[in-house]
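Below is one structure, written out as structure tokens; comments come after it.
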Amino acid sequence: MIRKLVLIAFVVAACGNGISDNPEAAAIPDLPETDAVSFAAHLETIDRPAVVNVWASWCLPCRSEAPLLNTAFEQYGDEIEFIGVDVQDTQAGAKEFLAEFGLDFDHFFDRNRSVPNSLGGLGTPITFFFGPHGELVSTHNGIVDERTLALNIDELLQLDS
Amino acid sequence: MEFTLLFAALTGAAAAWLGLRIWPDRLPERAFDQLIGASVTGLAVGRLAAMVDQGINPLTNPGELLIVRGGVATPIAALSFILFLGWTNRRQLSNLDALSPSILLGLAGWQAGCLWRGACLGTASDLPWAVAQPGSDITRHPVEIYAALLLVVGAILVSRLGWRPWLRSGAALTVASLARLATEPMRPSLDGGPVGWYLAGLLAGIGLIALGLLRHRQSATPT
């Protein structure tokens, strides 16, 4: 019986075409592509602190920290720039993720993972904390918890004041 | 892989184990197992509650239950911990009085486990003992160490109370809530922290103490 169920599940999964039926995801435009050089240039133009979160739709811990980033953005979005960098992903996967979590800030698509690689981050997710004009202040490798996020945001605000 | 959270949990377990050795009077059988069982239950239920609060469906994403670092609803975890212990000792609820100082010491160990995690610091401060994050000039309150010290002092005070029913349990709940309430303003937070829950814990603790004293007075009154 279990073998049959596994076989059916495998066939169903294999037959899936991976195309999203989610209208919210379909309404999201393709994320702009970026690389290390253009992303660094973009950061230099931002005259306030920035939190850059590296995520991917296939990354399980990214799902857990997404609501936290939303809360932080709602609270500090006026003072701090929030940017998402989707790495080693597909545009379809990225849109599904954004539709599910409603991360309402700017996101970039980094197919080759060149942004976190150039900044020395390890794994996914990673959160980089920048001062104004792209000055890297600190890096948090792995899932970020509420305390760490709040503390590092406070650190950015103290530096900026 | 990062194991700092596990080290913090082990520090808490070691502190609770030490508490059981320091204050062995009237302990139930397998007291340490009970505390570990209650902690694991609290963690799992608290994580589940946090997932639901974050809009993550635990049925479609069961693997995320293991990502404890993604958040645990502290008040729900504490409530589950207490309910687990209450259910385990339902035939002899006075066992909770004997466990109370060790629970506070275990909590102190968990808070002090911030040293493993590099997560002791709170809001900015100029006090002489304030500490800066690595690479930063901004000094901050070592707020988790404050909480740990308050809990250690609380555990010692609770262990010195008499054996009137509920007195130690109520006092322990009061101490744990007060320790959180006193330190919460020094914790960086995105939403201000669950202060309402800590106030509820404080009131419940005071209520238990009052209930215990009332029952003691009634049983001492000659009929």
Note to self, chain A gives a 222 nm [θ] from helices alone (DSSP H runs n ≥ 4, -39500 (n - 2.57) apiece, / all residues, nearest 500) of -14500 deg cm²/dmol
Those trypsin sites (Lys or Arg not before Pro) in the stretch B:22-63 that DSSP places in a loop and that have at most 15 other beta carbons within 10 Å: B:Arg26, B:Arg30
Of the residues A:Ala50, A:Leu98, A:Leu69, the Cα lying farthest along the dipole of the stretch A:45-99 towards its positive end, which is defined by charges on the beta carbon of Lys, Arg, Asp and Glu, belongs to A:Leu98
Just in the stretch B:1-102: which GluC sites (Glu not before Pro) are loop by DSSP and have at most 10 other Cβ atoms within 10 Å? B:Glu29
Between Rg and the Kirkwood Rh of the stretch A:2-160, both from Cα atoms, what is the Rg to Rh ratio? 1.04
May I ask you to list the trypsin sites (Lys or Arg not before Pro) in the stretch B:69-133 that are in a DSSP loop and have at most 12 other Cβ atoms within 10 Å of their Cβ? B:Arg90, B:Arg91
Mind giving me the FRET efficiency for A:Gln75 and B:Asp25? R0 is 51 Å, r the Cβ-Cβ distance, nearest 0.05 is fine. 0.60
Using a 7 Å offset from Cα along Cα-Cβ at B:Trp87, what residues in the stretch B:32-53 end up with backbone N under 12 Å from the label point? B:38, B:41-42, B:45
Name the residues of the stretch A:134-161 whose amide N is less than 14 Å from a point 7 angstrom out from the Cα of B:Thr4 along the C-beta direction? A:138-152
Other protein chain Cβ atoms within 10 Å, averaged over every residue that makes up B:67-79: 3
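No lab work stands behind these numbers, since they all come straight from the coordinates. Model, not experiment: these values are computed from the prediction. Reconstructed Cβ throughout: ideal geometry from the backbone, glycine too, with neighbour counts over all protein chains shown.
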